[in-house]
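Below: one structure, written as structure tokens.
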Amino acid sequence: MAAIKLGTENKRNVILAVVLLAVVAYMALSQLLSGPSRPPAAPAPQTTAPTPRQRTRTTTSISTVGEAHKLPSIGLDPTLHLERLAASESIVYEGTGRNIFSMDSTPMRIEQALASARPSQQKSAPVYTPPPVPRPPSIPLHYFGYSVAKDGTRRAFLLKGEDIFDAGVGEIVDHRFKIVSIAPTGVQVTDLGYNSTQTLPLESN
């Protein structure tokens, strides 16, 4: 390999470039190792309790705002009188009624009411009376005779107004009246409208 020959000026520039490169590398390495710089935290304020002397000064400054009124001591007796206290404890309850502080006292008498405030409940309730059942009307037929067949069966002759009916047992007269039985003295007829049976006697001419 052939050697490269540099002049004096070129050697000086190369040395300066190497030195600058070394300085830049050192500063970059120091920045990476030390980490980001943070400002130091401010110290927390310290609170100290006031001393007794400071409390006295504060009280003195407050008292100078307004003075309290001083009461006269004439007529005031601070002495404790035990005899008066004993006399107040020996008082006995003497009421005219029941002693509420005694278990042996007679019960209080309660007066009875002259009349009840509520209406009397002894009155009997009204008895419900159902209305009378209407009676069915009489059957408007007249039994005036009968006939007898060879086999012994009878047929009745009935009159309604000007109409004459010849009916046997089980037959219906005038779309309403059913013949139940026929006898020489009377005939039984059922009113289908009212479901009632009546006996019509034999009427003479």
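The values are calculated or read from the model by the stated rules, or taken from the named source; none is laboratory data. In this text the structure is predicted, and so the values were computed from the model without any measurement. With ideal geometry, Cβ positions are generated from the backbone for all residues, glycine too; neighbour counts draw on all protein chains shown.
Listed values, structure above:
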{"quantity": "Selection status of E162, surrounded by fewer than 15 Cβ atoms within 10 Å (Cβ to Cβ) and in contact (Cβ under 8 Å) with a residue 60 or more places away in the chain", "calculated": "no"}
{"quantity": "Pairs, first closer than 10 Å to I139 by Cβ and modelled with pLDDT of 95 or more in segment 184-205, second loosely packed, with under 12 Cβ neighbours inside 10 Å and among the hydrophobic types (A, V, I, L, M, F, W, C), C-beta under 9 Å, six or more apart", "calculated": "none"}
